[in-house]
1. Could you list all residues from the range 115-158 that are of a type in the set (Gly, Ala, Ser), away from the ligand (no atom under 16 Å from the Cβ) and assigned to a loop (DSSP other than H, G, I, E, B)?
2. Report the residue count in the range 1-47 for those that are part of a helix (DSSP H, G or I) and open to solvent by less than 20 Å² (accessible area, probe 1.4 Å).
3. Scan the range 90-114 for residues that are surrounded by 17 or more Cβ atoms within 10 Å (Cβ to Cβ), part of a loop (DSSP other than H, G, I, E, B), of a type in the set (A, V, I, L, M) and away from the ligand (no atom under 16 Å from the Cβ) and jot them down.
4. Name every residue in the range 143-160 that is of a type in the set (S, T, N, Q), surrounded by fewer than 21 Cβ atoms within 10 Å (Cβ to Cβ) and without any contact (Cβ under 8 Å) to a residue 60 or more places away in the chain, in order of residue number.
5. Criterion first (open to solvent by less than 50 Å² (accessible area, probe 1.4 Å), β-branched (Val, Ile, Thr), in contact with a strand residue (DSSP E or B) (Cβ under 8 Å, 6 or more places away or on another chain) and under 16 Å from GLN129 (Cα atoms)) does VAL64 satisfy it?
6. Just name the residue that is farthest from the ligand (Cβ to nearest atom) out of those in the range 189-220 that are among the polar types (S, T, N, Q) and surrounded by 22 or more Cβ atoms within 10 Å (Cβ to Cβ).
7. Is it true that HIS100 is touching a residue at least 24 places away in the same chain (Cβ under 8 Å) and over 22 Å from GLY125 (Cα atoms)?
8. Does SER181 meet the test of being small (Gly, Ala, Ser), in contact (Cβ under 8 Å) with a residue 40 or more places away in the chain and open to solvent by less than 10 Å² (accessible area, probe 1.4 Å)?
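The values are calculated or read from the model by the stated rules, or taken from the named source; none is laboratory data. Bear in mind the structure is a predicted one, so any value in this text is a computation, not a measurement. All Cβ positions, even for glycine, are placed from backbone atoms using ideal geometry, and neighbour counts span all protein chains on display. The protein model used for the area step is the full one, side chains on, heavy atoms only, and it has no ligands, DNA or RNA in it. Shrake-Rupley method; radii C 1.70, N 1.55, O 1.52, S 1.80 Å.
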Amino acid sequence: MKVIKCKDYTEMSKKAAGLFAAQITMKPDCVLGLATGSTPIGTYKRLIELYQAGDLDFSRVKTVNLDEYVGLDGSSDQSYRYFMNENLFNHVNINKNDTHVPNGKAADLAAEGENYEALIRSLGGIDMQLLGIGNNGHIGFNEPNEFFDKTTHEVQLTESTITANARFFASMDEVPKTAISMGIGTIMQAKKIILVANGSSKAETIYNTVYGPITPQVPASALQLHPDVTIIVDEEAYAAIAEKCGK
Ligand code: PGA
């Protein structure tokens with residue numbers, strides 16, 4: 001794992017966007033795995049700037065998102081499809097038909113999970129996957145568990161995730177309690193993985209991800225077994241590594 005410490009959120013976002021821009025430039029028809037949440041917004045902003053400056057072409061890029069809330073689709077402004085349209089897809093020359101988000105409204109979520117895995121395979125796999133990380137170490141919506149979930153599946157969100165997500169909803173009751181998410185196995189098959197994290201609330205989980213035991217109680221710790229992971233953090237998210245490792 002490579003850990004890059006940046007001075008702040010802006011530098012973290014520029015660094016992550018730079019890696020995605022290089023991926024698109026080197027392989028214009030690449031498959032990007034994308035993430036939602038507050039953390040990647042700056043990365044998407046920077047990619048939009050590069051596109052507007054004429055430095056990036058998304059016309060042949062394909063995307064697959066990590067997850068979606070069960071019960072929501074693109075017509076809901078809380079859905080992850082809506083988030084992606086608002087924060088990236090509406091602002092670049094990507095073909096929306098080439099952008100994929102799991103269907104949170106699927107009647108049969110197990111079949112939707114299988115279809116999503118088949119879709120990723122049919123695209124030739126993910127070239128570069130962007131990840132945020134939850135305070136509890138989740139990636140996608142793979143919550144701490146007794147085992148690592150392999151494929152795209154329905155998940156019950158934990159209280160800590162529901163509480164963290166409540167800030168985006170009018171009331172706690174409106175926060176979905178279940179989601180559909182790529183599994184840890186799906187994520188681990190991406191050729192390259194870029195994880196971004198900022199702020200002191202992520203410091204402990206970043207330390208555990210990089211230096212802790214590999215355990216499904218910290219889902220992101222599985223990334224230690226992946227051959228090409230870059231973790232980009234600001235100084236606050238790096239703080240526990242600095243303190244415990246003296247660097
Ligand atoms: P955040 O969420 O970027 O809003 O902190 C990250 C996550 O839960 O994966």
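1. GLY124, GLY125
2. Adding up the residues that qualify gives 12.
3. Of everything in the range 90-114, those that are surrounded by 17 or more Cβ atoms within 10 Å (Cβ to Cβ), part of a loop (DSSP other than H, G, I, E, B), of a type in the set (A, V, I, L, M) and away from the ligand (no atom under 16 Å from the Cβ) turn out to be VAL92, ILE94, ALA106.
4. Within the range 143-160, THR151, GLN156, THR158, SER160 qualify.
5. Spelling it out, VAL64 is indeed open to solvent by less than 50 Å² (accessible area, probe 1.4 Å), β-branched (Val, Ile, Thr), in contact with a strand residue (DSSP E or B) (Cβ under 8 Å, 6 or more places away or on another chain) and under 16 Å from GLN129 (Cα atoms).
6. That would be THR209.
7. no
8. In short, yes.
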